[in-house]
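The values are calculated or read from the model by the stated rules, or taken from the named source; none is laboratory data. Just so it is clear, the model here is predicted, and its values are computed rather than measured. Backbone-built Cβ (ideal geometry, glycine too); neighbour counts: all protein chains shown.
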Amino acid sequence: FQDLPSDDAAALLDNLPDDLSTSVIDLMRKKESGEVQHLLEYDDQTAGRIMNPNVFALAEDLTVGQAIEELQRSREVEMVFYLYVVDARRHLVGVVSLRRLLLVSPETPLKRVMTSDLISARVDTDQEEIAREVAAYNLLAIPVVDEENKLVGIITVDDVIDVIKDEATEDILRLAGVSADEHVLTGPFESWRKRLPWLGVNLVTATLAAMVVRQFQATVEQVVALAALMTIVASMGGNAATQTLTVVVRGIALGELTWSNSRRVLGKETLVAIGNGLVLGGVGAGIAWWLAGNPYLGGILALAMLINLIVAAVAATLIPIALRALKIDPALASSVFITTLTDVFGFFAFLGLAAFFLGRI
């Protein structure tokens, strides 16, 4: 265990119970245990937590030849594709590729071949932001600095791949109202405890939809076909909202959706909803006419479906953005609110229009 890189050891210990984690640390060599404990002091899901503190660095006053000699003397180097350059106080001042070192004269000062304009991460930078930076600039590694810009670690692309996998899994689970740390072998009591709160919220929101239907009880009693058809409107709205929600949450996670382009995204999703509403509403009208034998009822269903699809698109776009602004994970709570909105507006639009045009049905 103690032969693992410090960042991997910290990640494993983080998943163990506290008492077992402490016991394992006590069994490790002093140097390795100190590094692991230091990493565990950083906030979860930050650069400091996932970095490897054993980062190789070159002094800025070296020549290329001396830099190569330093590299040859180093037994364990986490990343040799990028070699980071520091000053006398270990402030990060540049980076040079191994290929660049091998192609220039050994007498060349390192300052002349290094690149001063480099991308780095602070120890408190969120791991999702690091993953976006690595993906955007096709990096193999990213250096980590403290508040004084001193080089304290490195995050390599294999760690970033783990981050991307974990974040994607977390978002998928949260969209379904499941805790991010639950897995297939989680005990039944623990799974029950974690799933119950969101199912309870769903029960409350479903009650709101039932209350809307209750307000139109007299209308449903007069036209029984409404009871069969209103589920079509709500179901289509829910499915459309899920599509938009998935795209929007992914856009937020990847940094593609920001306040600056949110209006354009909202406009696009609304246009898509209108297009789907016109096509599917027409099909739904035909189905309603065929099932109920009433063309007016088909027209009401088509109009209600169009309204609900537009509401679904707007809600599925704006709610995740609003939750993000409130520092709430959009994937965690969006689906609950949007399901409620599409059900409530779907039932209200369909039954409200039916009540208004009751004399013609």
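Which members of the stretch 199-226 meet the condition of being closer than 22 Å to G293 by Cα and of a type in the set (A, V, I, L, M, F, W, C)?
Within the stretch 199-226, F216, A218, V220, V223, V224, A225, L226 meet the criteria.
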Self-check item: Which listed residue is in contact (Cβ under 8 Å) with a residue 40 or more places away in the chain, closer than 23 Å to T246 by Cα and part of a helix (DSSP H, G or I), from L318, L306
Solution: L318
Quiz item: Among the candidates V134, V55, V96, V85, which residue alone is surrounded by 14 or more Cβ atoms within 10 Å (Cβ to Cβ) and part of a loop (DSSP other than H, G, I, E, B)?
Solution: V55
Exercise. Quickly run through the stretch 256-301 and pick out the residues that are under 26 Å from A349 (Cα atoms), in contact (Cβ under 8 Å) with a residue 12 or more places away in the chain and not aliphatic (A, V, I, L, M).
Key: E269, T270, N276, G277, G281, G282, G284, G286, N294, Y296, G298, G299
Quiz item: Got a number for residues in the stretch 58-77 being in a loop (DSSP other than H, G, I, E, B), acidic (D, E) and modelled with pLDDT of 90 or more?
Solution: 2
Quiz item: Among the residues of the stretch 14-51, which ones are at pLDDT 70 or above, more than 24 Å from the chain's Cα centre (by Cα) and surrounded by 17 or more Cβ atoms within 10 Å (Cβ to Cβ)?
Solution: E35, V36
Quiz item: Could you say which residue among R112, R122 is among the basic types (K, R) and over 30 Å from the mean Cα position of the chain (by Cα)?
Solution: R112
Self-check item: Qualifying positions in the stretch 103-128 - loosely packed, with under 15 Cβ neighbours inside 10 Å and assigned to a helix (DSSP H, G or I)
Solution: L103, R112
Quiz item: Of L139, L185, which residue is surrounded by 14 or more Cβ atoms within 10 Å (Cβ to Cβ) and either modelled with pLDDT of 95 or more or part of a loop (DSSP other than H, G, I, E, B) (or both)?
Solution: L139
Exercise. Can you tell me which residue among A253, A240, A225 is in contact (Cβ under 8 Å) with a residue 40 or more places away in the chain, aliphatic (A, V, I, L, M) and closer than 14 Å to N308 by Cα?
Key: A240
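Please verify whether the stretch 267-277 includes one or more residues that are of a type in the set (S, T, Y) and either surrounded by 23 or more Cβ atoms within 10 Å (Cβ to Cβ) or at pLDDT 95 or above (or both).
Taking every residue of the stretch 267-277 in turn, at least one turns out to be of a type in the set (S, T, Y) and either surrounded by 23 or more Cβ atoms within 10 Å (Cβ to Cβ) or at pLDDT 95 or above (or both).
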Quiz item: Can L358 be described as crowded, with 17+ Cβ neighbours inside 10 Å and in contact (Cβ under 8 Å) with a residue 40 or more places away in the chain?
Solution: no
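Condition check ((1) closer than 16 Å to L301 by Cα; (2) out of contact with any Ser or Thr (no Cβ under 9 Å at 6 or more places or on another chain)) across all residues:
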position: T205; (1), (2): no, no
position: A210; (1), (2): no, yes
position: V213; (1), (2): yes, yes
position: V223; (1), (2): yes, yes
position: M230; (1), (2): yes, yes
position: G237; (1), (2): yes, no
position: I252; (1), (2): no, no
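For R250, indicate whether it is within 21 Å of the chain's Cα centre (by Cα) and among the charged types (D, E, K, R).
yes
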Practice problem: Might you let me know whether the stretch 344-351 holds any residue that is part of a loop (DSSP other than H, G, I, E, B), more than 18 Å from N276 (Cβ to Cβ), in the same structural domain as T242 (by TED's automatic domain parsing) and touching a residue at least 12 places away in the same chain (Cβ under 8 Å)? | Solution: no
Exercise. Select from the stretch 188-224 the residues that are closer than 14 Å to F348 by Cα, surrounded by 13 or more Cβ atoms within 10 Å (Cβ to Cβ) and of a type outside the set (A, V, I, L, M, F, W, C) and list them in ascending order.
Key: Q215, T219
